[in-house]
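Presented below is the structure to which this report refers.
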Amino acid sequence: MDTSLYKGIHVYCETKGDRVIDNSLELLGEAAMLKEKMGQDTVVTAVIIGDDVEKHVETLARHGADKVVVVEDEKYSVYRPDYYAEALAKVADEYKPEIVLVGATHKGEEIGPTAAKILDTGMAAHCVELNIREDGEFLQVVPAFGGKVLGDILCPKHRPQMASMKAGLADKVIFEGKEAEVERFNPEVTGYGDKIEVIEVIEDTTERVSLSNAELIVAGGFGIGTQEGWDKLEKLAKLLHGATGCTRPALDEGWTEREETMVGTSGVAIKPKVYIGFGISGAAHHTCGIKGAGTIISVNRDKDAPIFDVSDYKVVSDWEKIVDALIEKLSE
Ligand SMILES: Cc1cc2nc3c(=O)[nH]c(=O)nc-3n(C[C@H](O)[C@H](O)[C@H](O)COP(=O)(O)OP(=O)(O)OC[C@H]3O[C@@H](n4cnc5c(N)ncnc54)[C@H](O)[C@@H]3O)c2cc1C
């Protein structure tokens, strides 16, 4: 493969409802940082796919896109991983970017690797850092062994070099007044054809503060013990105008069905001003996701729980006593 034919950075920009998700805007900021190291002639291209998405061009330019490739068609009105992945791969095949960045979201985790397979290249998933080495190689840093070890990944022989990153790890950058060149591209996409049938679309209408925007996060772990206990945590989060986060066991127990609120290596990285964790032991898989939190408060009945090693305030107590007292006081 002649790698010299590949230039620039593509950022797949995901939409939810009527907006571009924060994770994608953060990745545009990350691409702008990489551009500074690769040279100012590097073009950052936002790739947006949907049935009514050209309206987002201004937002994408304002967050760093020099160019926007708009793939717009009715067939993208309902999310289908096969269509979206094939479209993303065809855009890369046409424009030949050196790097493709995708958010490590539920959709991104389907679209990114599928597109990588179509393009016969590799993909570094869940990167915690991206950089350009002095020799010009694109460095993709991923955690291993629960975040205890960081591995450097390079993709020297194949293009594009693809990487995914979770929300909250990169910073958005605002480029006031910036405009982007727009190109419409509508490749032939067949996906898996009629092997996939969309039966019904159920919108999530629950109104909750999202983890990425929350200034305060109430997190619960296996120590919460029951669904009734979990409901108390949700109540506390509401009273504090915060969001609820969970550990893997709390999710596995089914106390919350919201997988996107799992914090840690395989979940999201969070940056609230305040994190209050109840009944959480402090496994590295979880704590690597709370490093960006301002103040960490932990409640655990075990005085030796590892979570206390990374906490600013440590409360050795049964979680329920503290939550009940807070709910009572806040309800006043
Ligand atoms: C590849 C891999 C990826 C993973 N990714 C993630 C991830 O992204 N996020 C994640 O969270 N986990 C992840 N895990 C799981 C992780 O290793 C831990 O098992 C998990 O974080 C532990 O969750 P926990 O603290 O809720 O449960 P436990 O470790 O069981 O801890 C429960 C805690 O509650 C305390 N407790 C019990 N009762 C009470 C009470 N009444 N009052 C106060 N405290 C009480 C206990 O003292 C204990 O410290 C991953 C694991 C693997 C192998």
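Reported count of residues in segment 287-332, each being within 10 Å of the ligand (Cβ to nearest atom) and either farther than 22 Å from ALA214 by Cα or assigned to a helix (DSSP H, G or I) (or both), is 19.
The set of residues in segment 264-285 being near the ligand (Cβ under 6 Å from one of its atoms) and either within 23 Å of ASP171 (Cβ to Cβ) or polar (S, T, N, Q) (or both) consists of GLY264, THR265, SER266, GLY267, SER281. For segment 220-235, the count of residues that are closer than 26 Å to ILE21 by Cβ and under 21 Å from the mean Cα position of the chain (by Cα) is nonzero.
Yes/no matrix, rows are residues, columns are (1) in the same structural domain as GLN161 (by TED's automatic domain parsing); (2) more than 20 Å from VAL189 (Cβ to Cβ); (3) of a type in the set (Gly, Ala, Ser); (4) part of a strand (DSSP E or B):
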residue	(1), (2), (3), (4)
THR45	yes, no, no, yes
VAL68	yes, no, no, yes
PRO97	yes, no, no, no
LYS107	yes, no, no, no
ALA124	yes, yes, yes, yes
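Let's see how each residue does on (1) without any contact (Cβ under 8 Å) to a residue 40 or more places away in the chain; (2) open to solvent by 30 Å² or more (accessible area, probe 1.4 Å); (3) within 22 Å of the chain's Cα centre (by Cα):
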{"site": "THR45", "(1), (2), (3)": "no, no, yes"}
{"site": "HIS63", "(1), (2), (3)": "no, no, yes"}
{"site": "GLU72", "(1), (2), (3)": "no, yes, no"}
{"site": "ALA87", "(1), (2), (3)": "no, no, yes"}
{"site": "ASP120", "(1), (2), (3)": "yes, yes, no"}
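Candidates are the residues of segment 245-263 that are modelled with pLDDT under 95 and β-branched (Val, Ile, Thr); the one that is nearest to the ligand (Cβ to nearest atom) is VAL263.
Looking only at residues of segment 183-211 that are of a type in the set (Ser, Thr, Tyr) and open to solvent by 70 Å² or more (accessible area, probe 1.4 Å), we find that the one that is nearest to the ligand (Cβ to nearest atom) is THR206.
Taking the conditions exactly as written (open to solvent by less than 50 Å² (accessible area, probe 1.4 Å) and within 30 Å of GLU328 (Cβ to Cβ)), does GLY279 satisfy them or not? It is true that GLY279 is open to solvent by less than 50 Å² (accessible area, probe 1.4 Å) and within 30 Å of GLU328 (Cβ to Cβ). Could you say which residue among ASP135, ASP93 is open to solvent by 50 Å² or more (accessible area, probe 1.4 Å), under 15 Å from TYR6 (Cβ atoms), of a type in the set (Asp, Glu) and assigned by TED's automatic domain parsing to the domain that holds THR190? None of the others qualify; the one that does is ASP93.
Each row is one residue, and each column tells you yes or no for (1) assigned to a loop (DSSP other than H, G, I, E, B); (2) outside the structural domain of HIS126 (by TED's automatic domain parsing); (3) in contact with a strand residue (DSSP E or B) (Cβ under 7 Å, 6 or more places away or on another chain).
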site: LYS232; (1), (2), (3): no, yes, no
site: THR244; (1), (2), (3): no, yes, yes
site: GLY254; (1), (2), (3): yes, yes, no
site: SER266; (1), (2), (3): yes, yes, no
site: LYS271; (1), (2), (3): yes, yes, no
site: HIS285; (1), (2), (3): no, yes, no
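The values are calculated or read from the model by the stated rules, or taken from the named source; none is laboratory data. On a predicted model such as this, the values are computed, not experimentally measured, just so you know. Methodologically, a virtual Cβ is constructed for each residue, glycine included, from the backbone with ideal geometry; neighbour enumeration extends over all protein chains shown. Keep in mind that these areas ignore ligands, DNA and RNA; they rest on the heavy atoms of the full protein, side chains included. Shrake-Rupley method; radii C 1.70, N 1.55, O 1.52, S 1.80 Å.
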